[in-house]
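Read through the structure below, which is laid out as structure tokens, and then see the notes.
The values are calculated or read from the model by the stated rules, or taken from the named source; none is laboratory data. Only a predicted model underlies this, so the values are computations on that prediction, with no experimental measurement involved. Glycine also receives a Cβ, built like all others from the backbone with ideal geometry; neighbour counts cover every protein chain displayed.
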Amino acid sequence: MKRRVHIGALVLLGCVAAGGAIAAASAHATGGAKPLAVTSSLDGKKVLPQHSRWRAYPNVGPAQVAEVDFLIDGKRRWVEHRSPYSYAGDDERGHLGYLFTSWLSPGRHRFTAVVVTSAGKEASDTVIARVLPAPAPPPALAGTWTRTMTEQDREKCDSTFGSDNCAPAGHWRMIIDKVGIWNEDPLHGGIVTAYSVSGNVLHGYAPIQMVPNKEDGSPGQIRAHGYTLDAGGGIDCSEAGPFTNYRWSTSGNELTLKALDRNCGQQRAIWEGTWTRLG
């Protein structure tokens, strides 16, 4: 069926089309006016695994990005100033960090990535996802342990991860619980590392990052178990670990850890050996 079109409507449509073309040409001439936006690798997820990578993807180039903030339940937990924008950092060498969830309470949490441009504009992306309860360690492995790290242990450190990056010899304490493995050094500092257990193999992962770096770039810290621990930017080898596996066994009040690979000498220098249970 043919439709009758009033000549005035044609004129009006022509004007609208012309106006749209002019607007499009103007936008093109000024470099475009697309709204600032950011997406996240968590988009679409309803349940988070115990460890994953959380990355943010602004729709503008790195030259325009001042920082990307990573918030959990509205609290800033990490800040990135350089691409790629990854929670827990990338050590400027491509060692992308991980989001470990063992320190979060089970249930739903809000995960928000915020991009801030050098012009002061902001855009955010929020995902609401459920965190599963962290598994408890085997009773024989759980608890507080201590041992003396020797100068010979320090020889396991790998200069690849920094010639001055090796833990001090002396009296160490290790606490193994649902959150992670808390390594506490002779200077009352240390880090907390994620892990899992499969039978008699303990899988040592990377340090758990819970707070941002400090303004001067040094690791952010928390107070736990009577020690001040690096839980924001703290590393043993790098933010990515690398993951190292250990065979574990107990006899009486002693725990023995034996490395099955040589992926992170800095961690092995601390962990590998015989520990004595405290308490």
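Details
- Only one of Ala123, Ala136 that is more than 19 Å from the chain's Cα centre (by Cα) and either charged (D, E, K, R) or over 30 Å from Gly279 (Cβ atoms) (or both): Ala123
- For region 153-165, the condition holds for no residue, the condition being that it is at pLDDT 95 or above and of a type in the set (Phe, Trp, Tyr).
- For region 196-208, filtered to residues that are assigned to a strand (DSSP E or B) and of a type outside the set (A, V, I, L, M, F, W, C), the residue that is surrounded by the most Cβ atoms within 10 Å (Cβ to Cβ) is Pro207.
- Single condition Val211 does not satisfy, out of (1) within 25 Å of Glu92 (Cβ to Cβ); (2) not in a loop (DSSP other than H, G, I, E, B): (2)
- Considering (1) under 16 Å from the mean Cα position of the chain (by Cα); (2) more than 30 Å from Val68 (Cα to Cα), the lone condition that Ser198 does not fulfil carries the number (1).
- Pairs with Cβ under 7 Å, 6+ apart, first in region 79-102 and at positive phi, second part of a strand (DSSP E or B): Ala88/Trp78; Ala88/Leu99; Gly89/Glu80; Asp91/Ser238
- Residues located in region 229-257, provided they are over 27 Å from the mean Cα position of the chain (by Cα) and without any contact (Cβ under 8 Å) to a residue 60 or more places away in the chain: Ser249, Ser251, Gly252, Asn253, Glu254, Thr256
- Against the test of being loosely packed, with under 13 Cβ neighbours inside 10 Å and closer than 19 Å to Glu272 by Cβ, the options Thr160, Thr146, Thr193 yield a single qualifying residue, Thr160.
- Hits in region 221-242 - residues which are in a loop (DSSP other than H, G, I, E, B) and of a type in the set (Asp, Glu): Asp236, Glu239
- Flag: Ser218 does not match the condition of being of a type in the set (Ser, Thr, Tyr), part of a strand (DSSP E or B) and surrounded by fewer than 18 Cβ atoms within 10 Å (Cβ to Cβ).
- Taking the numbered list (1) buried (at least 16 other Cβ atoms within 10 Å of the Cβ); (2) in contact with a Leu (Cβ under 8 Å, 6 or more places away or on another chain) in turn, Pro212 passes all entries but (2).
- Options Arg93, Arg147, Arg130, Arg154: the member that is of a type in the set (D, E, K, R) and closer than 24 Å to Val47 by Cα: Arg130
- Residue, surrounded by the most Cβ atoms within 10 Å (Cβ to Cβ), within region 260-277, restricted to residues that are under 20 Å from Glu184 (Cβ atoms) and touching a Ser or Thr at 6+ places or on another chain (Cβ under 6 Å): Gln267
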